[in-house]
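J.: Structure in C-alpha coordinates, see below.
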Amino acid sequence: MIKSHLHFGNAPKVYSRRFPSPNYATRAYKTDAELSQERTALISEIQTKFTTELEQRGYVAKDKVEEISKETFSAQFKDIPLEGLRALAKLDADGSPEIMKTLATQGAKILELENRGGGKESLSIRAQVKEWAERNKEAITTIVGGTKANLTPLEIRVNSPMTPSNTYSAGTYLPFPELLPGINEIVRPQPTFWDYIKKGSRNSAAIVFLNKTTPLGAAGFIGPGVAKPGISFQIESQTSAAKKIAASEKVAVEILQDIDGFATWLEQELSYQVRQKANLTLMSGAVSSTSPAGIQTLSVTFTQTGIATTNPNNWDALIACVAQLRAGNLMGNVTAFVNPIDYANMKLTKAISQGQPFIAPDPGVKIVEDNNIPVGYVQVAILDYYKVDIYKGYTVAYGWENDDFTKNLITVIGEMRIHQYFSTNYTGAFIYDTFANIKTAITAV
(Lines give C-alpha, C1' and ligand atoms only; values in the text may rest on other atoms or scores of the structure.)
Protein backbone atom coordinates (compact mmCIF):
# COMPACT_ATOMS: atom_id res chain seq x y z
CA MET A 1 0.00 0.00 0.00
CA ILE A 2 1.40 3.30 -1.05
CA LYS A 3 1.02 5.95 1.57
CA SER A 4 0.38 9.46 0.50
CA HIS A 5 2.78 12.07 1.71
CA LEU A 6 0.06 14.71 1.53
CA HIS A 7 -1.43 15.53 4.86
CA PHE A 8 -4.56 17.56 4.79
CA GLY A 9 -5.28 17.45 8.41
CA ASN A 10 -3.29 20.52 9.25
CA ALA A 11 -4.00 22.44 6.01
CA PRO A 12 -5.79 25.78 6.44
CA LYS A 13 -9.44 25.81 5.72
CA VAL A 14 -10.52 27.38 2.42
CA TYR A 15 -13.64 29.46 2.35
CA SER A 16 -15.55 30.53 -0.71
CA ARG A 17 -18.91 31.98 -1.53
CA ARG A 18 -20.30 28.44 -1.47
CA PHE A 19 -18.62 27.63 1.84
CA PRO A 20 -18.43 30.88 3.77
CA SER A 21 -16.36 31.15 6.90
CA PRO A 22 -18.05 31.31 10.24
CA ASN A 23 -16.96 34.91 10.49
CA TYR A 24 -18.54 36.09 7.22
CA ALA A 25 -17.46 39.71 7.84
CA THR A 26 -13.82 38.77 7.21
CA ARG A 27 -14.44 37.21 3.79
CA ALA A 28 -11.47 37.16 1.31
CA TYR A 29 -13.43 37.02 -1.94
CA LYS A 30 -14.87 39.82 -4.13
CA THR A 31 -18.41 40.24 -5.28
CA ASP A 32 -19.32 40.41 -8.97
CA ALA A 33 -19.76 44.18 -8.71
CA GLU A 34 -16.29 44.55 -7.18
CA LEU A 35 -14.76 42.34 -9.87
CA SER A 36 -16.43 44.47 -12.55
CA GLN A 37 -15.09 47.62 -10.96
CA GLU A 38 -11.61 46.10 -10.84
CA ARG A 39 -11.82 45.12 -14.53
CA THR A 40 -12.83 48.67 -15.46
CA ALA A 41 -10.00 50.15 -13.40
CA LEU A 42 -7.42 47.77 -14.92
CA ILE A 43 -8.51 48.54 -18.50
CA SER A 44 -8.36 52.28 -17.71
CA GLU A 45 -4.84 51.85 -16.31
CA ILE A 46 -3.70 49.96 -19.43
CA GLN A 47 -5.24 52.61 -21.68
CA THR A 48 -3.52 55.39 -19.71
CA LYS A 49 -0.12 53.69 -19.97
CA PHE A 50 -0.50 53.16 -23.70
CA THR A 51 -1.63 56.69 -24.53
CA THR A 52 1.05 58.15 -22.22
CA GLU A 53 3.73 56.32 -24.16
CA LEU A 54 2.34 57.69 -27.43
CA GLU A 55 2.29 61.23 -26.12
CA GLN A 56 5.69 61.16 -24.41
CA ARG A 57 7.38 60.01 -27.60
CA GLY A 58 5.77 62.78 -29.58
CA TYR A 59 3.99 60.41 -31.95
CA VAL A 60 0.59 61.84 -31.20
CA ALA A 61 -0.43 65.33 -30.06
CA LYS A 62 -1.96 65.61 -26.59
CA ASP A 63 -5.39 66.55 -27.86
CA LYS A 64 -5.35 63.56 -30.24
CA VAL A 65 -4.36 61.11 -27.51
CA GLU A 66 -7.65 61.86 -25.84
CA GLU A 67 -9.45 60.44 -28.88
CA ILE A 68 -8.27 56.97 -27.85
CA SER A 69 -11.19 56.41 -25.52
CA LYS A 70 -11.76 54.04 -22.68
CA GLU A 71 -14.68 52.57 -24.62
CA THR A 72 -12.29 51.40 -27.37
CA PHE A 73 -10.05 49.60 -24.88
CA SER A 74 -13.01 48.15 -23.03
CA ALA A 75 -14.30 46.59 -26.26
CA GLN A 76 -10.91 45.11 -27.19
CA PHE A 77 -10.09 43.69 -23.73
CA LYS A 78 -13.55 42.50 -22.70
CA ASP A 79 -12.74 38.81 -23.31
CA ILE A 80 -9.32 38.81 -21.60
CA PRO A 81 -9.40 37.02 -18.22
CA LEU A 82 -9.12 39.18 -15.15
CA GLU A 83 -5.81 37.54 -14.23
CA GLY A 84 -4.41 38.54 -17.62
CA LEU A 85 -5.50 42.16 -17.16
CA ARG A 86 -3.84 42.23 -13.75
CA ALA A 87 -0.61 40.92 -15.24
CA LEU A 88 -0.69 43.35 -18.16
CA ALA A 89 -1.40 46.36 -15.90
CA LYS A 90 1.55 45.59 -13.59
CA LEU A 91 4.16 44.79 -16.29
CA ASP A 92 6.16 47.98 -15.73
CA ALA A 93 6.05 47.58 -11.95
CA ASP A 94 7.48 44.05 -11.63
CA GLY A 95 10.31 44.37 -14.13
CA SER A 96 8.69 42.33 -16.89
CA PRO A 97 9.13 43.37 -20.53
CA GLU A 98 7.64 46.79 -21.05
CA ILE A 99 4.87 45.79 -23.41
CA MET A 100 3.30 49.22 -23.55
CA LYS A 101 6.54 50.93 -24.57
CA THR A 102 7.19 48.23 -27.15
CA LEU A 103 3.74 48.70 -28.65
CA ALA A 104 4.12 52.48 -28.80
CA THR A 105 7.61 52.38 -30.29
CA GLN A 106 6.64 49.77 -32.85
CA GLY A 107 3.36 51.24 -33.85
CA ALA A 108 3.34 55.03 -33.58
CA LYS A 109 4.98 56.06 -36.86
CA ILE A 110 4.04 59.39 -38.37
CA LEU A 111 2.35 58.67 -41.73
CA GLU A 112 -0.13 60.49 -43.94
CA LEU A 113 -3.81 60.55 -42.98
CA GLU A 114 -4.82 58.87 -46.23
CA ASN A 115 -4.63 55.07 -46.30
CA ARG A 116 -1.69 54.60 -48.60
CA GLY A 117 -2.89 53.41 -51.97
CA GLY A 118 -6.30 52.57 -50.63
CA GLY A 119 -8.12 55.74 -51.59
CA LYS A 120 -10.23 55.44 -48.43
CA GLU A 121 -11.13 58.16 -46.03
CA SER A 122 -8.63 58.55 -43.19
CA LEU A 123 -9.44 56.80 -39.95
CA SER A 124 -9.43 58.63 -36.63
CA ILE A 125 -6.75 57.67 -34.11
CA ARG A 126 -9.38 55.82 -32.11
CA ALA A 127 -10.41 53.83 -35.17
CA GLN A 128 -6.79 53.07 -36.08
CA VAL A 129 -6.08 51.70 -32.60
CA LYS A 130 -9.26 49.62 -32.72
CA GLU A 131 -8.36 48.21 -36.13
CA TRP A 132 -4.83 47.34 -34.96
CA ALA A 133 -6.11 45.63 -31.80
CA GLU A 134 -8.56 43.57 -33.88
CA ARG A 135 -5.78 42.41 -36.21
CA ASN A 136 -3.58 41.44 -33.26
CA LYS A 137 -6.27 40.00 -30.99
CA GLU A 138 -4.78 36.50 -30.86
CA ALA A 139 -1.22 37.77 -30.37
CA ILE A 140 -2.30 40.04 -27.50
CA THR A 141 -4.10 37.12 -25.84
CA THR A 142 -0.97 34.97 -26.25
CA ILE A 143 1.25 37.69 -24.73
CA VAL A 144 -1.11 38.10 -21.79
CA GLY A 145 -0.93 34.37 -21.25
CA GLY A 146 2.83 34.61 -20.85
CA THR A 147 3.89 33.37 -24.29
CA LYS A 148 5.95 35.39 -26.73
CA ALA A 149 4.16 36.49 -29.89
CA ASN A 150 4.78 38.89 -32.76
CA LEU A 151 2.66 42.00 -33.19
CA THR A 152 2.15 43.82 -36.46
CA PRO A 153 3.26 47.47 -36.33
CA LEU A 154 0.67 50.07 -35.30
CA GLU A 155 0.88 53.00 -37.70
CA ILE A 156 -0.72 56.23 -36.52
CA ARG A 157 -1.39 58.10 -39.75
CA VAL A 158 -1.33 61.90 -39.64
CA ASN A 159 -1.68 64.77 -42.09
CA SER A 160 0.38 64.88 -45.26
CA PRO A 161 1.27 67.33 -46.56
CA MET A 162 1.70 69.10 -43.25
CA THR A 163 0.31 72.65 -43.21
CA PRO A 164 0.09 75.20 -40.39
CA SER A 165 -3.61 74.44 -39.89
CA ASN A 166 -3.11 70.70 -39.40
CA THR A 167 0.37 70.73 -37.83
CA TYR A 168 0.35 73.42 -35.15
CA SER A 169 -1.56 72.40 -32.06
CA ALA A 170 -2.87 74.66 -29.33
CA GLY A 171 -0.25 75.75 -26.82
CA THR A 172 2.81 74.96 -28.98
CA TYR A 173 3.63 78.67 -29.61
CA LEU A 174 4.51 77.92 -33.24
CA PRO A 175 5.71 79.75 -35.18
CA PHE A 176 7.86 81.34 -32.49
CA PRO A 177 6.36 84.78 -31.73
CA GLU A 178 8.38 87.98 -31.68
CA LEU A 179 7.26 90.62 -29.20
CA LEU A 180 7.63 94.08 -30.66
CA PRO A 181 9.00 96.73 -28.31
CA GLY A 182 6.83 99.49 -26.90
CA ILE A 183 3.06 99.76 -26.80
CA ASN A 184 0.50 101.33 -29.13
CA GLU A 185 -1.00 104.41 -27.54
CA ILE A 186 -4.70 105.14 -27.33
CA VAL A 187 -6.03 107.52 -29.97
CA ARG A 188 -7.51 110.43 -28.02
CA PRO A 189 -7.36 114.25 -27.86
CA GLN A 190 -3.91 115.59 -27.11
CA PRO A 191 -2.99 118.54 -24.81
CA THR A 192 -2.49 120.88 -27.74
CA PHE A 193 -3.26 124.11 -25.89
CA TRP A 194 -0.84 123.17 -23.08
CA ASP A 195 1.93 122.61 -25.64
CA TYR A 196 1.40 126.05 -27.22
CA ILE A 197 1.39 128.05 -23.99
CA LYS A 198 4.63 129.82 -23.20
CA LYS A 199 5.75 128.58 -19.79
CA GLY A 200 8.24 130.07 -17.34
CA SER A 201 9.35 129.01 -13.87
CA ARG A 202 8.87 130.35 -10.34
CA ASN A 203 10.51 129.63 -7.00
CA SER A 204 7.60 130.23 -4.65
CA ALA A 205 4.13 128.82 -4.11
CA ALA A 206 2.83 132.40 -3.90
CA ILE A 207 3.65 135.24 -6.28
CA VAL A 208 2.52 138.85 -6.43
CA PHE A 209 2.47 141.06 -9.51
CA LEU A 210 1.63 144.73 -9.88
CA ASN A 211 -0.70 146.53 -12.24
CA LYS A 212 -0.58 150.21 -13.03
CA THR A 213 -4.13 151.58 -12.98
CA THR A 214 -6.24 154.73 -12.99
CA PRO A 215 -4.07 157.14 -14.98
CA LEU A 216 -5.04 160.77 -14.49
CA GLY A 217 -3.96 164.00 -16.29
CA ALA A 218 -1.99 164.47 -19.46
CA ALA A 219 1.08 166.24 -20.71
CA GLY A 220 0.63 169.58 -22.51
CA PHE A 221 2.40 172.29 -24.45
CA ILE A 222 2.87 175.33 -22.24
CA GLY A 223 4.42 178.78 -22.33
CA PRO A 224 7.08 180.26 -20.11
CA GLY A 225 6.12 180.55 -16.45
CA VAL A 226 3.13 178.23 -16.79
CA ALA A 227 2.81 175.33 -14.36
CA LYS A 228 3.41 171.92 -15.83
CA PRO A 229 0.29 169.74 -16.14
CA GLY A 230 0.12 167.07 -13.47
CA ILE A 231 -0.39 163.39 -14.04
CA SER A 232 -0.83 160.43 -11.68
CA PHE A 233 -1.68 156.73 -11.53
CA GLN A 234 -2.32 154.03 -8.95
CA ILE A 235 -0.64 150.71 -8.23
CA GLU A 236 -2.68 147.60 -7.58
CA SER A 237 -1.44 144.10 -6.82
CA GLN A 238 -2.66 140.69 -7.87
CA THR A 239 -1.58 137.37 -6.46
CA SER A 240 -1.29 133.82 -7.65
CA ALA A 241 -1.15 130.63 -5.56
CA ALA A 242 0.36 127.51 -7.10
CA LYS A 243 -2.18 124.89 -8.14
CA LYS A 244 -1.46 121.16 -8.13
CA ILE A 245 -2.43 118.70 -10.89
CA ALA A 246 -2.01 115.04 -9.94
CA ALA A 247 -3.04 111.47 -10.69
CA SER A 248 -2.20 108.08 -9.19
CA GLU A 249 -2.14 104.42 -10.19
CA LYS A 250 -2.07 101.28 -8.05
CA VAL A 251 -0.36 98.22 -9.45
CA ALA A 252 0.60 94.76 -8.20
CA VAL A 253 4.31 94.12 -7.70
CA GLU A 254 3.96 90.94 -9.77
CA ILE A 255 3.00 92.91 -12.88
CA LEU A 256 6.10 95.06 -12.58
CA GLN A 257 8.19 91.91 -12.12
CA ASP A 258 6.63 89.89 -14.93
CA ILE A 259 6.31 92.47 -17.73
CA ASP A 260 9.40 94.34 -18.85
CA GLY A 261 8.62 97.97 -19.56
CA PHE A 262 5.32 98.04 -17.68
CA ALA A 263 6.65 100.77 -15.37
CA THR A 264 7.31 102.93 -18.43
CA TRP A 265 3.74 102.43 -19.62
CA LEU A 266 2.47 103.44 -16.19
CA GLU A 267 4.50 106.63 -16.32
CA GLN A 268 3.39 107.43 -19.86
CA GLU A 269 -0.27 107.17 -18.87
CA LEU A 270 0.27 109.31 -15.77
CA SER A 271 2.02 111.96 -17.84
CA TYR A 272 -0.78 112.07 -20.38
CA GLN A 273 -3.52 112.30 -17.75
CA VAL A 274 -1.78 115.09 -15.83
CA ARG A 275 -0.99 117.12 -18.95
CA GLN A 276 -4.46 116.65 -20.44
CA LYS A 277 -6.11 117.69 -17.18
CA ALA A 278 -3.93 120.80 -17.09
CA ASN A 279 -4.77 121.41 -20.75
CA LEU A 280 -8.55 121.19 -20.33
CA THR A 281 -8.61 123.24 -17.12
CA LEU A 282 -6.45 125.97 -18.62
CA MET A 283 -8.89 126.11 -21.52
CA SER A 284 -12.25 126.17 -19.72
CA GLY A 285 -11.80 125.75 -15.96
CA ALA A 286 -13.47 128.10 -13.50
CA VAL A 287 -11.05 129.73 -11.08
CA SER A 288 -11.13 128.50 -7.47
CA SER A 289 -8.78 127.94 -4.55
CA THR A 290 -7.53 124.73 -6.19
CA SER A 291 -8.15 125.37 -9.89
CA PRO A 292 -6.69 128.01 -12.24
CA ALA A 293 -8.80 130.22 -14.50
CA GLY A 294 -9.32 128.79 -17.99
CA ILE A 295 -8.64 131.10 -20.91
CA GLN A 296 -12.25 130.79 -22.07
CA THR A 297 -13.48 132.23 -18.75
CA LEU A 298 -11.13 135.19 -19.28
CA SER A 299 -12.19 135.66 -22.91
CA VAL A 300 -14.66 138.12 -24.38
CA THR A 301 -17.04 137.57 -27.28
CA PHE A 302 -16.77 139.31 -30.63
CA THR A 303 -18.29 142.79 -30.30
CA GLN A 304 -16.33 144.92 -32.73
CA THR A 305 -18.41 147.23 -34.87
CA GLY A 306 -17.57 148.85 -38.17
CA ILE A 307 -16.45 145.63 -39.90
CA ALA A 308 -18.78 144.37 -42.63
CA THR A 309 -18.66 142.21 -45.75
CA THR A 310 -21.04 140.25 -47.93
CA ASN A 311 -21.23 136.47 -47.62
CA PRO A 312 -18.64 136.26 -44.81
CA ASN A 313 -16.81 132.96 -44.27
CA ASN A 314 -14.62 131.61 -41.48
CA TRP A 315 -11.54 133.32 -42.87
CA ASP A 316 -13.38 136.63 -42.63
CA ALA A 317 -14.31 135.79 -39.02
CA LEU A 318 -10.65 135.37 -38.06
CA ILE A 319 -9.70 138.65 -39.73
CA ALA A 320 -12.48 140.41 -37.80
CA CYS A 321 -11.20 138.95 -34.49
CA VAL A 322 -7.71 140.25 -35.15
CA ALA A 323 -9.21 143.66 -35.92
CA GLN A 324 -10.98 143.67 -32.54
CA LEU A 325 -7.72 142.91 -30.73
CA ARG A 326 -5.82 145.63 -32.55
CA ALA A 327 -8.64 148.10 -32.02
CA GLY A 328 -8.20 147.48 -28.28
CA ASN A 329 -4.48 148.38 -28.53
CA LEU A 330 -3.49 144.78 -27.85
CA MET A 331 -0.33 143.91 -29.74
CA GLY A 332 1.45 140.60 -30.19
CA ASN A 333 1.25 137.39 -32.17
CA VAL A 334 -2.27 136.00 -32.49
CA THR A 335 -3.13 132.29 -32.37
CA ALA A 336 -6.49 130.77 -33.35
CA PHE A 337 -7.46 127.32 -32.06
CA VAL A 338 -10.11 125.66 -34.23
CA ASN A 339 -11.58 122.19 -34.54
CA PRO A 340 -10.11 120.12 -37.42
CA ILE A 341 -13.58 119.88 -39.02
CA ASP A 342 -13.91 123.66 -39.16
CA TYR A 343 -10.41 124.02 -40.54
CA ALA A 344 -11.15 121.48 -43.28
CA ASN A 345 -14.28 123.41 -44.26
CA MET A 346 -12.25 126.61 -44.37
CA LYS A 347 -9.81 125.07 -46.84
CA LEU A 348 -12.74 123.78 -48.93
CA THR A 349 -14.32 127.23 -49.24
CA LYS A 350 -15.29 127.99 -52.85
CA ALA A 351 -15.55 131.32 -54.59
CA ILE A 352 -19.23 132.27 -54.88
CA SER A 353 -19.21 133.61 -58.44
CA GLN A 354 -17.37 130.89 -60.36
CA GLY A 355 -17.15 128.00 -57.86
CA GLN A 356 -13.38 127.64 -58.05
CA PRO A 357 -11.41 127.14 -54.80
CA PHE A 358 -11.35 130.25 -52.68
CA ILE A 359 -7.93 131.86 -52.28
CA ALA A 360 -7.89 132.85 -48.64
CA PRO A 361 -6.21 136.07 -47.59
CA ASP A 362 -3.69 136.11 -44.77
CA PRO A 363 -5.89 136.35 -41.66
CA GLY A 364 -3.00 137.52 -39.51
CA VAL A 365 -3.21 134.54 -37.15
CA LYS A 366 -1.49 131.20 -36.65
CA ILE A 367 -4.18 128.52 -37.00
CA VAL A 368 -3.86 125.48 -34.72
CA GLU A 369 -6.10 122.43 -35.12
CA ASP A 370 -7.31 121.30 -31.71
CA ASN A 371 -9.84 118.52 -31.05
CA ASN A 372 -10.51 119.98 -27.61
CA ILE A 373 -12.28 122.94 -29.26
CA PRO A 374 -15.92 122.13 -30.10
CA VAL A 375 -16.96 122.21 -33.74
CA GLY A 376 -18.18 125.68 -34.68
CA TYR A 377 -16.17 127.51 -32.00
CA VAL A 378 -12.92 129.45 -32.21
CA GLN A 379 -10.47 130.54 -29.53
CA VAL A 380 -8.43 133.58 -30.60
CA ALA A 381 -5.69 134.72 -28.22
CA ILE A 382 -2.52 136.74 -27.79
CA LEU A 383 -0.89 134.03 -25.70
CA ASP A 384 1.81 136.34 -24.32
CA TYR A 385 -0.83 137.72 -21.97
CA TYR A 386 -1.88 134.34 -20.61
CA LYS A 387 0.82 133.46 -18.07
CA VAL A 388 1.63 129.92 -16.94
CA ASP A 389 4.74 129.34 -14.83
CA ILE A 390 5.99 126.05 -13.37
CA TYR A 391 6.59 126.06 -9.63
CA LYS A 392 7.29 122.34 -9.21
CA GLY A 393 7.97 120.42 -12.38
CA TYR A 394 6.27 117.16 -13.21
CA THR A 395 7.53 114.27 -11.06
CA VAL A 396 6.72 110.56 -10.65
CA ALA A 397 7.00 108.81 -7.28
CA TYR A 398 6.60 105.15 -6.29
CA GLY A 399 5.59 104.17 -2.77
CA TRP A 400 3.23 102.43 -0.36
CA GLU A 401 0.07 103.71 1.25
CA ASN A 402 -2.27 102.19 3.79
CA ASP A 403 -1.94 98.38 3.48
CA ASP A 404 -0.17 98.32 0.11
CA PHE A 405 2.82 96.50 1.62
CA THR A 406 0.77 93.58 2.93
CA LYS A 407 -1.17 93.37 -0.34
CA ASN A 408 1.93 93.48 -2.56
CA LEU A 409 0.73 96.69 -4.19
CA ILE A 410 2.60 99.82 -5.22
CA THR A 411 1.09 103.27 -5.63
CA VAL A 412 2.50 105.47 -8.40
CA ILE A 413 1.92 109.23 -8.30
CA GLY A 414 2.43 111.81 -11.03
CA GLU A 415 2.06 115.49 -10.18
CA MET A 416 3.17 119.06 -10.78
CA ARG A 417 2.37 122.52 -9.40
CA ILE A 418 1.87 125.54 -11.59
CA HIS A 419 0.97 129.21 -11.46
CA GLN A 420 -1.60 130.64 -13.83
CA TYR A 421 -2.16 134.38 -13.76
CA PHE A 422 -3.53 137.13 -15.94
CA SER A 423 -3.34 140.89 -15.54
CA THR A 424 -6.70 142.58 -15.69
CA ASN A 425 -4.96 145.31 -17.69
CA TYR A 426 -5.05 142.98 -20.70
CA THR A 427 -8.74 142.18 -20.62
CA GLY A 428 -9.92 141.65 -24.20
CA ALA A 429 -6.71 139.86 -25.32
CA PHE A 430 -8.70 136.62 -25.74
CA ILE A 431 -11.84 136.07 -27.83
CA TYR A 432 -14.01 132.95 -27.56
CA ASP A 433 -17.09 132.77 -29.75
CA THR A 434 -18.78 130.78 -32.50
CA PHE A 435 -18.01 131.30 -36.15
CA ALA A 436 -21.73 131.75 -36.73
CA ASN A 437 -21.99 134.65 -34.26
CA ILE A 438 -18.96 136.41 -35.67
CA LYS A 439 -20.11 136.01 -39.29
CA THR A 440 -23.55 137.31 -38.38
CA ALA A 441 -21.98 140.37 -36.73
CA ILE A 442 -19.88 141.25 -39.80
CA THR A 443 -22.50 140.59 -42.47
CA ALA A 444 -23.13 143.74 -44.51
CA VAL A 445 -26.73 144.84 -44.34
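The values are calculated or read from the model by the stated rules, or taken from the named source; none is laboratory data. Since this is a predicted model, take the numbers as computed values, not measurements. Heads up, the Cβs are rebuilt from the backbone with ideal geometry, glycines too, and the neighbour counts pull from every protein chain shown.
J.: Would you mind stating whether Q273 is at pLDDT 95 or above and in a loop (DSSP other than H, G, I, E, B)? So that I can check it myself, show each step before the final result.
T.: On the way: at pLDDT 95 or above: yes; in a loop (DSSP other than H, G, I, E, B): no.
So Q273 does not fit the description; no.
J.: When you scan segment 364-392, how many residues do you find that are touching a residue at least 60 places away in the same chain (Cβ under 8 Å), within 15 Å of S284 (Cβ to Cβ) and among the hydroxyl-bearing types (S, T, Y)?
T.: Selection size over segment 364-392: 1.
J.: Can you tell which of A336, A320, A360 is part of a loop (DSSP other than H, G, I, E, B), in the same structural domain as D433 (by TED's automatic domain parsing) and either farther than 22 Å from T301 by Cα or in contact (Cβ under 8 Å) with a residue 24 or more places away in the chain (or both)?
T.: The conditions single out A360.
J.: Another question, if that's okay. Determine whether Q304 is within 17 Å of V378 (Cα to Cα) and not in a helix (DSSP H, G or I).
T.: Numbers: within 17 Å of V378 (Cα to Cα): yes; not in a helix (DSSP H, G or I): yes.
Answer is yes for this residue.
J.: Output yes when any residue across segment 395-415 is more than 25 Å from the chain's Cα centre (by Cα) and closer than 15 Å to R202 by Cα, and no when none is.
T.: The answer is no; no qualifying residue exists.
J.: Test N329 against the criterion of being in a loop (DSSP other than H, G, I, E, B) and either of a type in the set (K, R) or touching a strand residue (DSSP E or B) at 6+ places or on another chain (Cβ under 9 Å) (or both), and give yes or no.
T.: Details: in a loop (DSSP other than H, G, I, E, B): yes; either of a type in the set (K, R) or touching a strand residue (DSSP E or B) at 6+ places or on another chain (Cβ under 9 Å) (or both): no.
Criteria not met by N329.
J.: Hey, among Y386, Y391, which residue is in contact with a His (Cβ under 9 Å, 6 or more places away or on another chain) and buried (at least 19 other Cβ atoms within 10 Å of the Cβ)?
T.: After ruling out the rest, the residue left standing is Y391.
J.: Another one. Given (1) crowded, with 16+ Cβ neighbours inside 10 Å; (2) touching a residue at least 60 places away in the same chain (Cβ under 8 Å), identify the lone condition not met by K277.
T.: If we test K277 against (1) crowded, with 16+ Cβ neighbours inside 10 Å; (2) touching a residue at least 60 places away in the same chain (Cβ under 8 Å), just (2) comes out false.
J.: Now for a separate question. Just need a number here: residues in segment 295-329 that are among the β-branched types (V, I, T) and crowded, with 17+ Cβ neighbours inside 10 Å. Spell out the reasoning first.
T.: As a first pass, look at segment 295-329 and keep what is among the β-branched types (V, I, T): 295, 297, 300-301, 303, 305, 307, 309-310, 319, 322.
Narrowing the set further to residues that are crowded, with 17+ Cβ neighbours inside 10 Å leaves 295, 307, 319, 322.
Of the residues in that region, 4 qualify.
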